[in-house]
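Contents: one structure, followed by commentary.
The values are calculated or read from the model by the stated rules, or taken from the named source; none is laboratory data. Being a predicted model, the structure only gives us computed values, none of them experimental. FYI the Cβ positions are ideal-geometry reconstructions off the backbone, even for glycines, and counts take in every protein chain you see. Only protein heavy atoms, including side chains, enter the accessible area calculation; ligands, DNA and RNA are left aside. Shrake-Rupley method; radii C 1.70, N 1.55, O 1.52, S 1.80 Å.
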Amino acid sequence: MRSPPCKINLGLNVLRKRDDGYHDIETCFYPIPWTDILEIIPSSKFEFTTSGNVIPGDGNLCIKAYQLLKPPPAKIHLHKIIPTGAGLGGGSSDAAWTLRLLMMFFSLGLSKDQLRSFAAQIGSDCAFFIEDGPMIGTGRGETLTPANISLKGKFIVIAKPDVHVSTVEAYAGVIPKESKLDLSNISSLKNDFEESVFKKCPAITSIKQQLRDAGAEYASMSGSGSAVYGIFNNAIAVPFPSDYTVFSGWL
């Protein structure tokens, strides 16, 4: 049994549109200890079950991960806690940890590079979850290099309203431009998706303002939304509406 974590984006620059229809980006993926629960056990046939915060009829990337590796039969159970459609990479993390657990469980002998290659076939941010620390993501997000940054000792609050932001729609609202990610000054970081998403979703805008008003050292939307996080120097409780999904804890 493992606990796949989510991530936040510390800055997200959309640099240019590519010939393949994707965009080149530059971002820092940072792992956050808000986790799902994933269990894999041997079985006479493949079986996948879910519980928890699962959207009915939603396709699951764990199945795709299993189909890519083609291991012996196994039963996979996913208990979903991380909200979907939040920009937190929960589904990508579940898929990456499915690859990792299957590789270990069945002694498949795959290298980390091979696992990253499989993960990149599943999703642009999936390869990050093969790693266990902050990484700079470039290309579609699948090209990774270690990031020299630590938020250890900081307190994070993440809030997600009952709003879904389409990644396709979010990219459609961005005007790509060349820019450079500077992790030496976290307060200077920006998320290029915010301008267009905030115009369409006032609830997301208000979360960022509320986190700032509560004293956040830095607040930002994660990925293409709809979750927004604040980084604090001290533990703090920020009141949000009861229908919001909220996580808080030490990093």
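Between SER188 and THR205, what length in nm is gained on full extension when 0.36 nm per residue of separation is reduced by their alpha carbon distance?
Extra length from SER188 to THR205 when fully extended: 4.3 nm.
Among 33-39, 174-180, 65-71, how do they line up from the highest to the lowest mean number of other beta-carbon atoms within 10 Å?
Descending packing order for the listed peptides: 33-39, 65-71, 174-180.
Taking a cut-off of 27 Å between Cα atoms, list the lysines near LYS80, but don't count ones fewer than 8 places away on the same chain.
Within reach: LYS7, LYS45, LYS64, LYS70, LYS112, LYS152, LYS154, LYS160, LYS208.
Can you compute the helix-only [θ] at 222 nm over the chain? Use -39500 (n - 2.57) per DSSP H run of at least 4 residues, normalise by all residues, nearest 500 deg cm²/dmol.
So the helix-based figure for the chain works out to -7000 deg cm²/dmol.
Sequence-distant or interchain residues sharing an amide H contact under 5 Å with LYS154, placed H: which?
Residues meeting the criterion, in which the H sits 1.01 Å from N, are LEU251.
According to the square roots a ≥ b ≥ c of the eigenvalues of the Cα gyration tensor, what is the shape class of the chain, taking rounded for a/c under 1.5, prolate for a/b larger than b/c otherwise, and oblate for the remainder?
Prolate is the answer for the chain, as a/c is 1.5 or above and a/b outweighs b/c.
Suppose the chain between MET1 and TYR22 were pulled fully straight at 0.36 nm per residue; how much longer would it get relative to their current alpha carbon spacing?
In short, 4.1 nm is gained.
Output the 0 to 90 degree angle, nearest 10, between the alpha-carbon long axis of helix 112-122 and the longest principal axis computed from the alpha carbons of the chain.
For helix 112-122, the angle is close to 70 degrees.
Per residue, how much accessible surface does segment 48-161 expose to a 1.4 Å probe? Answer in Å², no decimals.
Accessible area per residue, segment 48-161: 41 Å².
Angle, helix 202-213 long axis vs. longest principal axis of the chain, Cα atoms, 0 to 90°, nearest 10?
For helix 202-213, the angle is close to 70 degrees.
Hey, any idea what % of segment 62-188's accessible area is carbon plus sulfur with a 1.4 Å probe?
Within segment 62-188, the accessible surface is 54 percent carbon and sulfur.
Name the residue from THR84, VAL163, ASN191 whose Cα lies farthest towards the positive end of the charge dipole of segment 65-202, charges +1 on Cβ of Lys and Arg and -1 on Cβ of Asp and Glu.
The residue sitting most towards the positive pole is THR84.
Skipping prolines and chain starts, which residues have an amide H placed within reach, meaning under 5 Å, of the one on GLY141, given they are 5 or more residues away or on another chain?
Here the answer is ILE25, since their amide H atoms fall under 5 Å of that of GLY141.
Would you please classify the overall shape of segment 45-170 from the alpha carbon gyration tensor, given that a ≥ b ≥ c denote the square roots of the eigenvalues, rounded means a/c under 1.5, and beyond that prolate means a/b larger than b/c while oblate covers the rest?
Judged from the Cα gyration tensor, segment 45-170 comes out oblate (a/c at least 1.5, b/c at or above a/b).
Which FRET efficiency value, to the nearest 0.05, do you get for SER179 and SER107 by plugging their Cβ-Cβ distance into 1/(1 + (r/R0)^6) with R0 = 35 Å?
The value I calculate is 0.20.
Excluding residues on the same chain fewer than 8 positions from LYS200, give the aspartates and glutamates whose Cα lies under 13 Å from its Cα.
Output for LYS200: GLU169.
Take the Cβ-Cβ distance between VAL54 and VAL168 as r, set R0 to 22 Å, and report the resulting FRET efficiency rounded to the nearest 0.05.
For VAL54 and VAL168, the calculated efficiency is 0.45.
Can you grab the distance from the C-alpha centre of segment 137-162 to the C-alpha centre of segment 1-78, Å, no decimals?
About 16 Å separates the Cα centre of segment 137-162 from the one of segment 1-78.
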